[in-house]
Amino acid sequence: MIVNINARQLRNLLENEPEKVEIIDVREPEEYESVHIKGSKLIPMNELVRRIKEINWNKEVVFVCRSGSRSAAMAKIADSSGVDVKNLQYGILECFAAGGKFLEGLNK
């Protein structure tokens, strides 16, 4: 099952139970280096199927990208394997524009 979450819901997870969250960033390495969520794991979308076993499915898995489109597509692939996932619906830049507390590498 895929659950779309917004920035507030992700912030709540990161503030209250960061050890229970596995954030998978599906963007390209250059995008990730520019800005990413602290503690996130980079698995570009073209590598997801090959690297899916690197994901800790015992945690709440949240797929993220810039706008939420690529992460939604990757969440569908994971969901087809029978696992529950979350998708950051509007992406990291839009959702965290008001407060970058959880971001690293923000180029302003």
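The values are calculated or read from the model by the stated rules, or taken from the named source; none is laboratory data. All figures in this text were calculated on a predicted structure; none of them were measured in a lab. Cβ: placed from backbone, ideal geometry, glycine included. Neighbour counts: every protein chain shown. All accessible areas refer to the heavy atoms of the entire protein, side chains included, with ligands and DNA or RNA removed. Shrake-Rupley method; radii C 1.70, N 1.55, O 1.52, S 1.80 Å.
Would you calculate, for the chain, the mean residue ellipticity at 222 nm contributed by helices, counting each DSSP H stretch of 4 or more residues as -39,500 (n - 2.57) and dividing by all residues, to the nearest 500? Before the final figure, lay out each step's value.
Working: 5 runs with 35 residues, N = 108.
Helix contribution divided over all residues of the chain: -8000 deg cm²/dmol.
Nearest 20 debye, what's the magnitude of the dipole of the chain about its Cα centre given +1 on Lys and Arg Cβ and -1 on Asp and Glu Cβ? Mind dumping the intermediate values first?
Values: 16 positive and 16 negative charges, 25 e Å.
For the chain, the charge dipole is close to 120 debye.
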Lysine pairs, Cα distance under 26 Å, 8 or more residues apart or cross-chain: how many in the chain?
26
Taking 2.2 N^0.38 Å as the expected size of a compact globular protein, what ratio does the Cα radius of gyration of the chain give against it, to two decimals?
0.96
Solvent-accessible area of residue 41 with every protein chain in place, 1.4 Å probe, in Å² to the nearest 10
60 Å²
Could you do me a favour and compute the accessible area per residue for the chain, 1.4 Å probe, result in Å²?
55 Å²
Between residue 60 and residues 5 or more places away or on another chain, which pairs have amide H atoms under 5 Å apart, with H built 1.01 Å from N, and which residues are they?
21, 22
Rank 92, 26, 57 by how far each Cα sits towards the positive end of the charge dipole of the chain (+1 on Lys, Arg Cβ; -1 on Asp, Glu Cβ) and give me just the farthest.
92
How large is ³J(HN,Hα), in whole Hz, for each residue of the stretch 4-16 in order, when computed from phi with the Karplus curve 6.51 cos²θ - 1.76 cosθ + 1.60 and θ = phi - 60°, using x for Gly and Pro?
7, 10, 9, 4, 4, 5, 5, 4, 4, 4, 5, 7, 9
The stretch 66-78 - phi-based ³J(HN,Hα) in whole Hz, Karplus 6.51/-1.76/1.60, Gly and Pro as x
5, 10, x, 6, 5, 5, 5, 5, 6, 4, 5, 5, 5
